[in-house]
Amino acid sequence: GASSSSTTETTKAPEGKKITLGFSQVGAESGWRTANTQSIQDSAKEAGYDLKFSDAQQKQENQIKAIRTFIQQKVDVIAFSPVVESGWDTVLKEAKDAGIPVILTDRAVDSTDTSLYETFIGSDFVEEGRRAGTWLVEQFKDATEDVNIVELQGTTGSAPANDRKSGFDEIISSNPKLKVIASQTGDFTRAKGKEVMQAFLKANPDIDVLYAHNDDMALGAIQAIEAAGLKPGEDIIIISVDGVKDGFIAASEGKINFIVECNPLLGPQLMEAVQAVVDGKEIEKRIVTEEGVFTSEDAKRELPNRKY
Ligand code: GZL
């Protein structure tokens, strides 16, 4: 890892004290989450902030507890990636009443009161779903028979699961032969992705396509597909989202056919937003992260350049 430079200058906070950032992270469920955590920790160090970091093990009540602890500790700014979209208004109002600004990263909340947070920094998950659907429509535009699709959804109630599904459904509805015959959550993990894919294979003899809401579930599903004696990327076309190293490796081997990138490196933008908020500067209410798409060929070429 990068050596910590001893000369990191501390950012001047009000009264010259170090800025304290309380961050509540979803968990450690996927390769994407690991890269996201690393980016936040590295960027906070680089900025000279005192980072109080909490891992909620994918439980909303742990995130709410962490946010309440940050309020008691009177941190300068609270940031978090909400594991699910709903159920945040009460604790966000407590932060607002305590005069502590909140920044959302990665996933959104469905609070209608947008004064409860300063900004939301993250991907457009609906667009990611549309990109997955657009590639699939193109691949099967000449299909003469039904195309049977199974879908491994992300964590139930999470913004990426809701939006990646709706964006995909919106686009594939243009071709009635594209049929989602089974759709179930794999909770963004390899283990669950494998388990649910095993069940899909048992219940559906003729699966043509797997749409997985993240690489980790796709990688688990690939284990199940191979155990069933089928060839991932050939017998079953696989589309995935994220673009973590292991996803790129599988794509470069032709086991995943199309990857929609979801950028986890949100640390630098988060720290910029923290500084702006502390300095009382205006910031955009919505900061969308840049990301692309990769076929197997693209992945083979790009693999050496991937940072996570
Ligand atoms: C997306 C992020 C999702 C990733 C998964 O921004 O919230 O959660 O796609 C991760 O890999 O578990």
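Key figures
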item: Per-region count, the stretch 253-276, residues of a type outside the set (Phe, Trp, Tyr) and in contact with a Ser or Thr (Cβ under 7 Å, 6 or more places away or on another chain); result: 15
item: From ASN257, ASN263, residue being polar (S, T, N, Q) and closer than 25 Å to ASP146 by Cα; result: ASN257
item: Single unsatisfied condition, GLY243 versus (1) at negative phi; (2) within 16 Å of the ligand (Cβ to nearest atom); result: (1)
item: All positions within the stretch 30-57 that are outside any helix (DSSP H, G or I), in contact (Cβ under 8 Å) with a residue 60 or more places away in the chain and away from the ligand (no atom under 12 Å from the Cβ); result: TYR49
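For (1) under 18 Å from GLN25 (Cα atoms); (2) in contact with a strand residue (DSSP E or B) (Cβ under 6 Å, 6 or more places away or on another chain); (3) within 16 Å of the ligand (Cβ to nearest atom), each residue gets a yes or a no:
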{"residue": "VAL83", "(1), (2), (3)": "yes, no, yes"}
{"residue": "SER86", "(1), (2), (3)": "yes, no, yes"}
{"residue": "VAL91", "(1), (2), (3)": "yes, no, no"}
{"residue": "ALA95", "(1), (2), (3)": "yes, yes, no"}
{"residue": "PRO101", "(1), (2), (3)": "yes, yes, no"}
{"residue": "LEU104", "(1), (2), (3)": "yes, yes, yes"}
{"residue": "ARG107", "(1), (2), (3)": "yes, no, yes"}
{"residue": "SER111", "(1), (2), (3)": "no, no, no"}
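Rule-based calculations on the coordinates, nothing more; no lab input. It should be emphasised that the depicted structure is a prediction, and the values quoted were computed from it without experimental measurement. Cβ: placed from backbone, ideal geometry, glycine included. Neighbour counts: every protein chain shown.
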